[in-house]
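J.: Can you read through this structure? Questions will come right after.
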Amino acid sequence: MSTTRQNGSLYTSIQHKIATIEFGHPASNSFPSELLERLAKELLSVGNNEDVSVIILKSEGEKAFCAGASFDELVAVSNLEEGKQFFSGFANVINAMRTCGKLIIGSVQGKTVGGGVGLAAACDYVLATESASIKLSEFTIGIGPFVIEPAVTRKIGVAGTAELTLDATNWKNAYWAKEKGLYARVFESQKELDEEVVFFSEKLASYNPEALVEMKKVLWQGTEGWNNLLAERAAVSGELVLSEFTKKALEKFKK
């Protein structure tokens, strides 16, 4: 059952050293700024919980995993400060995923666009279904996936990011994403996915928690400058969204 709340929903449950964070929004599990802020804070909070060894990140329903940031909010951006603030949403979530100190297992059950691809890329291990196609369509509206690019490139390399970004109108299927390294495993059904996410997470949570913490540090080595980098990228995107090209491209989406 998906949420009908316009600001979206965010729920966390903790069992057997595993924290499951589930987000939802009626618009294909997209993220308004308020929900991104809540998710960033929740990741850091759960990361500080000594009773948690592993985090599962998933979304509600059986269709889209995440449609990225709120399109309504994007269209409403009217100045540089608003633009930077808007694009900082996913920057803050990615940095929270990077620094929370706990390994994050992503459960991706459906199509993923824009910031949602960045969310998957910032997980430490991702399990997905055959329906979990991905697309970075930012070029089609005059911007680019600049904030999420470091996370995506870290997982699939420069060539993979170029292919995904430049071919902005086409979906890449789940097996393409697995081949490139974004997904670890792909399943035929959501039932199989859900079962494996639980099984894998329980196995991971049974390991030495200190070893898991140290492995998290190793996996993210070299990203220490991302607080500044992603803030700079948010500023670039905030400027581009005010360009004449993007304004015209967004005009047809205004209500």
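The values are calculated or read from the model by the stated rules, or taken from the named source; none is laboratory data. Because the structure is a prediction, the values reported are computed rather than measured. When we count neighbours, we look across all protein chains shown, and the Cβ atoms used for this are built from the backbone with ideal geometry, even at glycine. The protein model used for the area step is the full one, side chains on, heavy atoms only, and it has no ligands, DNA or RNA in it. Shrake-Rupley method; radii C 1.70, N 1.55, O 1.52, S 1.80 Å.
J.: Being assigned to a helix (DSSP H, G or I) and of a type in the set (D, E, K, R) is the filter; apply it to region 59-74 and report the residue that is surrounded by the most Cβ atoms within 10 Å (Cβ to Cβ). Please lay out each step first, then the result.
T.: Within region 59-74, the subset assigned to a helix (DSSP H, G or I) is 71-74.
Going one step further and asking which of them are of a type in the set (D, E, K, R), we end up with 72-73.
Values: Asp72: 14, Glu73: 17.
Across region 59-74, the extreme among qualifying residues is Glu73.
J.: Shifting gears a bit: Report, by residue number, each residue of region 15-27 that is open to solvent by 10 Å² or more (accessible area, probe 1.4 Å) and free of Cβ contacts under 8 Å to residues at least 60 places away in the same chain.
T.: Looking only at region 15-27, we keep the residues that are open to solvent by 10 Å² or more (accessible area, probe 1.4 Å), and these are 15-18, 20, 22, 25-27.
If the condition is that a residue be open to solvent by 10 Å² or more (accessible area, probe 1.4 Å) and free of Cβ contacts under 8 Å to residues at least 60 places away in the same chain, then Gln15, Thr20, Glu22, His25, Pro26, Ala27 are the ones that fit.
J.: Restricting to region 31-58, and then to whatever is in contact (Cβ under 8 Å) with a residue 60 or more places away in the chain and of a type outside the set (A, V, I, L, M, F, W, C), can you tell me which residue is most open to solvent (accessible area, probe 1.4 Å)?
T.: Across region 31-58, the extreme among qualifying residues is Lys58.
J.: I would also like to ask the following. How many residues are assigned to a helix (DSSP H, G or I) and open to solvent by less than 50 Å² (accessible area, probe 1.4 Å) when one looks only at region 150-189?
T.: Kept after step one, since they are assigned to a helix (DSSP H, G or I), are these residues of region 150-189: 150-166, 174-180.
The next check asks that each one be open to solvent by less than 50 Å² (accessible area, probe 1.4 Å); those that pass are 150-153, 155-157, 160-162, 164-165, 174, 176-177.
The qualifying residues number 15.
J.: Show the residue pairs meeting these rules: Cβ distance below 9 Å; 6+ apart or different chains; first residue within region 237-248 and more than 12 Å from Glu138 (Cβ to Cβ) and touching a residue at least 40 places away in the same chain (Cβ under 8 Å); second residue surrounded by fewer than 18 Cβ atoms within 10 Å (Cβ to Cβ) and of a type in the set (Ser, Thr, Tyr).
T.: Cβ pairs passing all conditions: Leu242/Ser78.
J.: Let me ask you something else. Looking only at region 75-114, filter to residues that are surrounded by fewer than 20 Cβ atoms within 10 Å (Cβ to Cβ) and hydrophobic (A, V, I, L, M, F, W, C); which one of those is modelled with the highest pLDDT?
T.: Leu80
J.: Test of understanding: among Glu214, Glu239, Glu224, Glu196, which residue is open to solvent by 80 Å² or more (accessible area, probe 1.4 Å) and either under 18 Å from the mean Cα position of the chain (by Cα) or farther than 30 Å from Glu81 by Cβ (or both)? Quick ask: steps written out before the conclusion?
T.: Details: Glu239 fails: either under 18 Å from the mean Cα position of the chain (by Cα) or farther than 30 Å from Glu81 by Cβ (or both); Glu224 fails: either under 18 Å from the mean Cα position of the chain (by Cα) or farther than 30 Å from Glu81 by Cβ (or both); Glu196 fails: open to solvent by 80 Å² or more (accessible area, probe 1.4 Å).
Result of the check over Glu214, Glu239, Glu224, Glu196: Glu214.
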